[in-house]
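S.K.: Mind having a look at this structure? Questions to follow.
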C-alpha cells in the first residue's frame, strides 16, 4: 500500500510521461524534485496505473490511434530485424504509448556487433550508448535512431537494446498482474488484431 505522497508522485510522474513523453525513471525523479518530496519513489507499475487513468480521462479520443500507429511501425522494424529475435517492450507493448513515446526493442543475438553491421547495411545512421549491466553485470549496448512514421506524420525514436541470446529465457516473465513486459512479432500482431477488432 502506497502512502499519499507516493501516490501523488505517481500521478505527477504520469502527467510528465503523457504530456512530455518522458521515460518513467526520469519522470519519477522530476516529479519528486518538483514537490520536494522525500517519499519513496513509486514503482513503474504504480506510475503505469496512473498513466492509464490519465490517458482514459484526457486522451481517449487520440491515444488509441497513436498507439496503433506506433505498434505498426514497431512491427515493420521487428520484421526487418527478425534475425535478431526482436521483442517490443515499453509503452507501445504495454498499451500506454502516445505520439511522444519512443519505441523500445530488445534484440537477442550471439554477436552484438552483427546488429550494428546490420543497421549500417540497411543504411540506418544510429547513436550508440550503453545501459547498466544485465544479470551478468556486463553493459548492454543501446543503439538509437529516428524512424519516419507516416501515420503520425513525424519521426519516432527507436531504442534497440542489444542483449545476449541467453537473456531471452527470462525476458518474458510477467508482472504482478500477470502481464508480460515484452513480446515478439507474433504477439504484437495479436495485440494489433485485438485493437482493430475489439
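The values are calculated or read from the model by the stated rules, or taken from the named source; none is laboratory data. Because the structure is predicted, anything quoted here is derived from the model rather than measured. Every residue, glycine as well, gets a Cβ built from its backbone with ideal geometry; the counts of neighbours run over all protein chains shown.
S.K.: Return a yes/no flag: does the stretch 144-161 have any residue that is modelled with pLDDT under 90 and not assigned by TED's automatic domain parsing to the domain that holds residue 47.
M.R.: Checked the stretch 144-161: no residue is modelled with pLDDT under 90 and not assigned by TED's automatic domain parsing to the domain that holds residue 47.
S.K.: Here's another thing I want to ask about it. Name, by its number, the condition in (1) outside any helix (DSSP H, G or I); (2) at pLDDT below 95; (3) farther than 17 Å from residue 147 by Cα that does not hold for residue 96.
M.R.: The single condition residue 96 does not satisfy is (2).
S.K.: Could you tell me which of the residues 122, 143 is within 30 Å of residue 65 (Cβ to Cβ), touching a strand residue (DSSP E or B) at 6+ places or on another chain (Cβ under 6 Å) and without any contact (Cβ under 8 Å) to a residue 60 or more places away in the chain?
M.R.: Selected residue: 143, the only one of 122, 143 that is within 30 Å of residue 65 (Cβ to Cβ), touching a strand residue (DSSP E or B) at 6+ places or on another chain (Cβ under 6 Å) and without any contact (Cβ under 8 Å) to a residue 60 or more places away in the chain.
S.K.: Of everything in the stretch 60-80, what is crowded, with 18+ Cβ neighbours inside 10 Å and free of Cβ contacts under 8 Å to residues at least 60 places away in the same chain? Give them in sequence order.
M.R.: 63
S.K.: Moving on to the next point. Being under 24 Å from residue 54 (Cα atoms) and either loosely packed, with under 14 Cβ neighbours inside 10 Å or touching a residue at least 24 places away in the same chain (Cβ under 8 Å) (or both) is true for just one of 192, 165, 131. Which residue is that?
M.R.: Just a single option satisfies the conditions, and that option is 192.
S.K.: May I ask you to list the residues in the stretch 99-112 that are in a strand (DSSP E or B) and crowded, with 21+ Cβ neighbours inside 10 Å?
M.R.: The answer is 103, 104, 105, 106, 107.
S.K.: Let me ask something else. Does residue 5 satisfy the condition of being more than 20 Å from the chain's Cα centre (by Cα) and either crowded, with 16+ Cβ neighbours inside 10 Å or modelled with pLDDT under 95 (or both)?
M.R.: yes
S.K.: If you don't mind, another one. Which one of these is in the same structural domain as residue 168 (by TED's automatic domain parsing), under 19 Å from residue 185 (Cβ atoms) and under 14 Å from the mean Cα position of the chain (by Cα): 119, 88?
M.R.: Result of the check over 119, 88: 88.
Matching residues to (1) more than 16 Å from the chain's Cα centre (by Cα); (2) farther than 20 Å from residue 191 by Cβ:
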residue	(1), (2)
33	yes, yes
45	no, no
56	yes, no
68	no, no
74	no, no
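S.K.: Criterion first (more than 22 Å from residue 21 (Cα to Cα), assigned by TED's automatic domain parsing to the domain that holds residue 71 and at pLDDT below 90) does residue 107 satisfy it?
M.R.: no
S.K.: Looking for something in a helix (DSSP H, G or I) and either assigned by TED's automatic domain parsing to the domain that holds residue 109 or touching a residue at least 24 places away in the same chain (Cβ under 8 Å) (or both) - is there at least one such residue anywhere in the stretch 30-45?
M.R.: yes
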